[in-house]
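The values are calculated or read from the model by the stated rules, or taken from the named source; none is laboratory data. Predicted model only: the values in this text are computed from it and were never measured. Positions of Cβ are backbone-derived with ideal geometry, glycine not excepted, and every protein chain shown enters the neighbour counts.
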């Protein structure tokens with residue numbers, strides 16, 4: 001069973017990628033004090049979280065983005081793989097609460113046994129931290145391979161566009 005984490009006074013919150021475009025591994029990372037936790041995730045999760053948070057923060061009073069470093073702190077050793085992401089706003093404390101749940105692989109388990117419990121990470125973020133994440137994540141996601149102009153999938157040597165019936169990249 002993986003470890004769960006709760007950071008009520010988040011000092012470090014970012015996303016990052018390691019590797020070359022087309023083979024990058026994405027991470028969400030958060031820390032408080034000496035504790036820094038890295039979680040492996042998908043590029044789409046980084047982008048979707050930023051997009052959703054942008055909608056949340058648009059309904060709140062304006063703020064300045066945090067000036068804290070958005071670089072991944074090393075070493076990057078993922079605790080577990082990200083599954084579900086949940087967002088809430090704590091109006092009393094003026095914090096955006098992010099709950100990240102682990103993906104639980106139930107294949108190969110006895111169907112009569114209880115499901116294993118997923119680990120989670122609960123973060124209480126300032127609006128400034130969220131705004132900095134949104135700006136950083138947009139650049140991170142866009143830094144990958146360019147999208148195919150026909151289907152939107154990433155371009156690359158192995159791209160077989162479904163809109164060209166697999167006959168090669170569009171020209």
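Could you identify the single residue in 76, 82 that is in contact with a strand residue (DSSP E or B) (Cβ under 9 Å, 6 or more places away or on another chain) and surrounded by fewer than 17 Cβ atoms within 10 Å (Cβ to Cβ)?
Details: 82 fails: surrounded by fewer than 17 Cβ atoms within 10 Å (Cβ to Cβ).
Answer to the selection: 76.
For residue 62, state whether it is more than 16 Å from residue 136 (Cβ to Cβ), assigned to a loop (DSSP other than H, G, I, E, B) and in contact with a strand residue (DSSP E or B) (Cβ under 9 Å, 6 or more places away or on another chain).
Working: more than 16 Å from residue 136 (Cβ to Cβ): yes; assigned to a loop (DSSP other than H, G, I, E, B): yes; in contact with a strand residue (DSSP E or B) (Cβ under 9 Å, 6 or more places away or on another chain): no.
Answer is no for this residue.
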Regarding segment 141-160, can at least one residue be identified that is modelled with pLDDT under 80, over 16 Å from residue 16 (Cβ atoms) and not in a loop (DSSP other than H, G, I, E, B)?
yes
Search result, residues across segment 1-33 that are closer than 14 Å to residue 76 by Cα, in a loop (DSSP other than H, G, I, E, B) and without any contact (Cβ under 8 Å) to a residue 40 or more places away in the chain
19
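Scanning for something within 14 Å of residue 125 (Cβ to Cβ), in a loop (DSSP other than H, G, I, E, B) and out of contact with any helix residue (DSSP H, G or I) (no Cβ under 7 Å at 6 or more places or on another chain), does segment 70-90 turn up at least one residue?
No: zero hits.
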Would segment 39-58 turn up any residue that is in contact with a strand residue (DSSP E or B) (Cβ under 8 Å, 6 or more places away or on another chain), surrounded by 13 or more Cβ atoms within 10 Å (Cβ to Cβ) and farther than 30 Å from residue 153 by Cβ?
no
Does segment 19-32 hold any residues that are more than 12 Å from residue 123 (Cβ to Cβ) and modelled with pLDDT of 95 or more, and which are they?
25, 26, 27
